[in-house]
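What follows is a short report on a single structure.
Just so you know, all these numbers are worked out from the coordinates, no wet-lab data involved. The structure presented is a predicted model; accordingly, all values stated were derived computationally and were not measured. No Cβ is skipped: glycine too gets one built from the backbone with ideal geometry, and neighbour counts run over all protein chains shown.
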Amino acid sequence: MSMGYPEENGREAGENRSTLRTLRLPELPRLLREPPQFLRRGPLREGAFPSKLHDPRVASLLGIWLGVAFGVCFLTGLVSHFMQHPPSGLDWPSRPVWLYRVTQGLHVATGLASVPLLLAKLWTVYPRLWEWPPIRSVTHALERLTIVPLIAGALFQLATGIANIAQWYRFRFFFTVTHYWVAWITIGALLVHIAAKLAVVRANVGASRGDRAHLTDRHSTPEPAGEGLSRRGLGLAVGAAAGVITLTTAGQFAPGLARLDLLAPRRPDIGPQRLPVNRTAAAARVLTVARDPGYQLEVVGPRPFTLSLAELRAFGPHTSRLPITCVEGWSADATWHGARLRDLLDAADIPHGATVRVESLETRGGYRASEVAPPHARDPLTLLATGLNGADLDLDHGYPARLIAPNRPGVLQTKWVHRVVML
């Protein structure tokens, strides 16, 4: 028996009956084909996205560029992570001395270049989020589910990465570990998304017009004439934005581009003794102990000994020309003076295959000590430096002594060293 409506409700009653009819079981197939009338507003209305730039070919090309940038960023990020947190049994090589400079520079550069690529990609494809029906099959549902970690992960990685290179830490988590694990989630979602969209990309990039229909119904159509930015113009604009960002930030690790380093958070030649400083002596709370005239370096091994600062400076002084590279992406060459670490280890009878821990006067912080494996500990370029660029080491650069080793992240180049211990 049908439900009756008072005549005085008139138009409202008719609308209610219409809505109920669309929800009856026999009408569900049509409901899935197109949204009911009462939902056809906002992004679900007819012609809600008229721009010719919401195009499958544009989206495919942006996706390829973004995939390459994310791939390079991910792989170089793994290098940085495993250098800082080496798995058991992995000794990272000390040569070539410039390897970490290149990998970490590429990591930051590709991350920054990904910003305009990601924004343009999201703008190009966001009408797809409002397609009807929202889910067409189990495969389509899985594809849509992977979009959530992909977009959220990509935005999280870029936002926190930019905050890190600017040393703006307002979040309550440990950046490097969180960045590492979210990268795996993001790249996993990206691989699933690539597999789901491979036919669309093939149809829009490289396939002949006759083959496109066999691959997918999502292929580009001829661009309608009209005013405004063309599809080619959008691609050139996004590419130019990525290029400008790269050109004006790469100077912080590429010496030949230093004069163009306009958008990077720091110049590699600005700071005490022409070298940047991330963590000052005041921030590390070592101002008093580092200036103590009674400072002594302790080397602990089978034959332990201590050295005053004067004795350390006289301990076979050596010079190493090495870059220092920080996780923020900046890198700078410098000339370091001091005692070779391997000579100190030999004096304490520490075996050649032993790993040592270099400890700072700093009493707190995740990087107050670092482990130095044999490839770095025994490299002739590795120093406990007491001088920099022809002068005594500045307090903010680690006075009275600091570790400097080739092909090693800056956070592991321990400053204000007072103790070396065999593990």
Q) How large is Rg over Rh for region 258-346, taking Rg from the Cα atoms and Rh as the Kirkwood inverse mean of 1/r across Cα pairs? A) 1.05
Q) What's the extension gain from residue 267 to residue 128 if we count 0.36 nm per residue and subtract their Cα-Cα distance? A) 45.8 nm
Q. Antiparallel as a % of all DSSP beta bridges within region 281-422, to the nearest 5?
A. 90
(Q) For a quick check: sort 52, 415, 121 by the number of other beta carbons within 10 angstrom, fewest at the front. (A) 52, 121, 415
Q.
Need the full-extension length gain, residue 119 to residue 147, defined as separation in residues times 0.36 nm minus the C-alpha distance. One decimal, nm.
A. 8.6 nm
Q: Mind ranking 88-99, 263-274, 140-151 by how tightly packed they are, going by the mean number of other C-beta atoms within 10 angstrom, highest first?
A: 263-274, 140-151, 88-99
Q: Report the FRET efficiency, 1/(1 + (r/R0)^6), for residue 135 and residue 303, where r is their Cβ-Cβ distance and R0 is 56 Å, rounded to 0.05.
A: 0.20
Q | Protection proxy ranking, peptides 398-404, 186-192, 248-254, average beta carbon neighbours within 10 Å, highest first | A | 398-404, 248-254, 186-192
Q | Average Cα contact separation per residue, the chain, under 8 Å, 6 or more apart, as relative contact order % | A | 17
Q: Pop a pseudo-label 7 angstrom from the Cα along the beta-carbon direction at both residue 296 and residue 68 and give the gap in nm to one decimal.
A: 6.0
Q) lysines within cross-link reach of residue 197: Cα-Cα under 25 Å, excluding same-chain residues under 8 positions apart? A) 52, 121
(Q) Can you compute the charge dipole magnitude of the chain about its Cα centre, using +1 on each Lys and Arg Cβ and -1 on each Asp and Glu Cβ, nothing else charged? Give it in debye, rounded to the nearest 20. (A) 720
Q: For region 113-159 and region 369-406, write down the distance between their C-alpha centroids in whole Å.
A: 46
Q: List the residues whose amide H sits under 5 Å from the amide H of residue 300, counting only those 5 or more places along or on another chain, with H placed 1.01 Å from N in the peptide plane.
A: 420, 421, 422
Q: Would you calculate the separation in nanometres between label points at residue 195 and residue 257, each defined as 7 Å from the Cα along the Cα-to-beta-carbon direction?
A: 3.5
**Q.** Set of region 317-340 residues, backbone N closer than 20 Å to the point 7 Å along the Cα-Cβ line of residue 162
**A.** 327-330
Q) Ranked by Cβ crowding within 10 angstrom, fewest neighbours first, how are 85, 179, 318, 107 ordered? A) 85, 318, 179, 107
**Q.** Answer label for Cα Rg over 2.2 N^0.38 Å (calculated), chosen among [x] 1.88; [y] 1.04; [z] 1.37
**A.** [z]
**Q.** Nearest-0.05 FRET efficiency for residue 39 and residue 202, computed from C-beta distance (R0 25 Å)
**A.** 0.15
Q.
Given R₀ = 22 Å, what would the calculated FRET efficiency be for residue 82 paired with residue 172, taking r from the Cβ atoms and rounding to 0.05?
A. 0.30
Q | Sequence of 205, 58 once ranked by neighbouring C-beta atoms within 10 Å, starting from the fewest | A | 205, 58
